[in-house]
Structure formats: structure tokens, C-alpha cells
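Here the structure comes first, spelled out in C-alpha cells, and everything after it is commentary.
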Amino acid sequence: MNTDELVRHGRARFEYHAAKKLLKEKYQAKLNFVSQGGMWCAGPELITLLTGRTEVDMVLLDLYETPVRVNTPQLLKEAEQRWQEQMNAWLIEYENLSANR
């Protein structure tokens, strides 16, 4: 391999990892949503917490660490829906990125 090929290969790897990181940041931000007077991040932690509870109403700390009384089943439904939408969109963009690599 000559120097030009090594530089091109290194640049392509760097650009791929930078694009992958940018995708992660983009979709992490899209996981945040407003519901029931609080700001939430749809993710495994919130979904697991809500799934394991039997109470219809409970008080949780939102992203700003503000206590908010929530309807547990409703918040769970919204979190799962947001999570799945964003993960599907992220996967599609990631597969396109990987195919172009």
C-alpha cells in the first residue's frame, strides 16, 4: 500500500466514525419528549421502570429532576412508541451509512 492509499483509508475510517457519532447524537436528542408536565427521555431505563410498576399514578423525577405525577400506563405507551420510532429511523440511517462505507 502506498502513502496515498493509506491516507485515503484513514480518512474514510475517520469520516465513518464521525458520521456514526453524529447519528448517535441526533437520535439521542430525538428520544426526549414532553408529557404530563415533564420532560422525559424514552430509553430502556424509563421503560423498565414503568413496566415494573403496578400503580396507575406515581411520582417520578423528569430530566430536570422535577417531581411530576404521571399516569404510568400512558407514559409507558408514549415512551415505547417514541423509542421504537427513533430506533427504527436510526437503524435505517445507520444501514445507509454502512452501505456507503
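The values are calculated or read from the model by the stated rules, or taken from the named source; none is laboratory data. The structure displayed is predicted, hence computed values, not measured ones. Cβ placement follows ideal geometry from the backbone for every residue including glycine, while neighbour counts extend to all protein chains displayed.
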Suppose we keep only residues that are exposed (fewer than 15 other Cβ atoms within 10 Å of the Cβ) and in a helix (DSSP H, G or I) within the stretch 28-52. Which one would you say is farthest from the chain's Cα centre (by Cα)? T51
Exposed (fewer than 11 other Cβ atoms within 10 Å of the Cβ) and of a type in the set (D, E): does that describe E25? yes
Of all residues making up the stretch 65-80, the number that are closer than 17 Å to Q28 by Cβ and either surrounded by fewer than 13 Cβ atoms within 10 Å (Cβ to Cβ) or among the hydroxyl-bearing types (S, T, Y) (or both): 0
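Take A19 and decide whether it is modelled with pLDDT of 90 or more and under 30 Å from S98 (Cβ atoms). So that I can check it myself, show each step before the final result.
Numbers: modelled with pLDDT of 90 or more: no; under 30 Å from S98 (Cβ atoms): yes.
No: the conditions fail for A19.
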State which residue pairs qualify: first residue within 11 Å of W40 (Cβ to Cβ) and inside the stretch 66-77, second residue β-branched (V, I, T) in any location, beta carbons under 8 Å apart, and separation of 6 or more residues or different chains. V68/V59; V70/V59; L76/I47; L76/T51
